[in-house]
Each structure stands twice: as C-alpha cells, then as structure tokens.
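These notes are about the structure you will find just below.
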Amino acid sequence: MGDKAPMAGKKTKSGGDQGSMEKLLGAVKDTVVRSLVVHDDDLERREARAMDIRVISPHLTLDRGNFHDTIVANIERGARYRYLIPDELAVIGAMQRLAAELNAAAKPGRKSPAVEWRVVPAACVCFDMVVYDAHTANEEAYLVLPEDSFTFNLRLQGAFQDRVLGLFTDLWNNSDRLE
C-alpha cells in the first residue's frame, strides 16, 4: 500500500494522461533540438550550396581548417564571401593571407572580388556566425560555438536570424574596407 502508482495512469486537469504528455513533450523537445542543432558535415553541405556567404569570425579557424576546401570550391563556382573580423593584428594577417589565396582561386574576369573583408572592434566578434544567401528564400543563419572536442552549430530562426543579419549589415556598412 506504500507504493505509488506510476505516473502513466495519472490524469491531468485537461483529462490527458500525464505520462503520455511527458513523452510527447520529450519528443517535441528532441525534434526542436534536432532541427536547431546542426552537425559540421551538414553545415558544410549547406555552405556548399550557398552563393552569398557572410561570416563573422573572431579567429578564422574554420575557414582555414575544416571548411577550407568547400570555400575554395564555392569561389571557383562563383560564390561570394564577406568577412567581419576583429581589429587584432594576428587575425588581420590571417585574413590577408586567406583573402589573397581565395581571390586567386576565383574565375578570371570576375566583376567583384570573391572575398571581401572588414575589421570591426573586437568586442563585436565574440563567436563565429554565418549567414547563407541573405535576403533570398534560402536565407539561413548559424551560430558556431566551438567546444574542446566538437563544434556546436545552432541554426537561428525568425527574429533572432533577422537580428544577426541586421548586425552583420550594420557592422559592414559602418566599417572601412581593407585589402
């Protein structure tokens, strides 16, 4: 008589089974997490389809590492990259080398550079963010948070995605172009 009945049979105020509701909420949570958390391979496949890529990066680690071959292939097929980086000498030097290499991979006769970049105050660049195909039906934005053993990519949606694109645009329009 001291044992409590399992939650599965307990009814909620709305008449539903509490155990079933918990399972449903767990499934919804798992679905939301799976739709928002993106593996590096999936993010790289998304980037491979993009024609306009806007990156905010504190260190350029991904662009010089795992994603480098995809970036080169994108530029060879005509994609455009725009970078916002912090006003730090080491990152500026890395960007100069990366931009020179990537622009050299672009098709001859291209009207605009494949890679453009601007420097912003370091406080504006805390983590990597990327926007694919801005202002199109295919627009997507991601927050890239590296951890010790993996990278955590979070797909942004709705108003937050709009804010990231707005942040990029404002910073881009209010910073000087450097070569």
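Each value in this text was obtained by applying a stated rule to the coordinates, not by laboratory testing. The structure presented is a predicted model; accordingly, all values stated were derived computationally and were not measured. Neighbour counts run over all protein chains shown; Cβ positions are idealised from the backbone, glycine included.
Check every one of the helices (runs of 4 or more DSSP H) wholly within the range 35-113 and list those with 1 or more residues that are over 20 Å from the mean Cα position of the chain (by Cα).
68-76, 89-105
Quick one: which of 177, 80, 110 is in contact (Cβ under 8 Å) with a residue 24 or more places away in the chain and out of contact with any strand residue (DSSP E or B) (no Cβ under 8 Å at 6 or more places or on another chain)?
110
Going by the structure shown, is residue 57 closer than 21 Å to residue 166 by Cβ, of a type in the set (Gly, Ala, Ser) and in contact with a strand residue (DSSP E or B) (Cβ under 8 Å, 6 or more places away or on another chain)? First the steps, then the outcome.
Values: closer than 21 Å to residue 166 by Cβ: yes; of a type in the set (Gly, Ala, Ser): yes; in contact with a strand residue (DSSP E or B) (Cβ under 8 Å, 6 or more places away or on another chain): yes.
It is true that residue 57 is closer than 21 Å to residue 166 by Cβ, of a type in the set (Gly, Ala, Ser) and in contact with a strand residue (DSSP E or B) (Cβ under 8 Å, 6 or more places away or on another chain).
Surrounded by 17 or more Cβ atoms within 10 Å (Cβ to Cβ) and under 22 Å from residue 141 (Cβ atoms): does that describe residue 74?
Yes.
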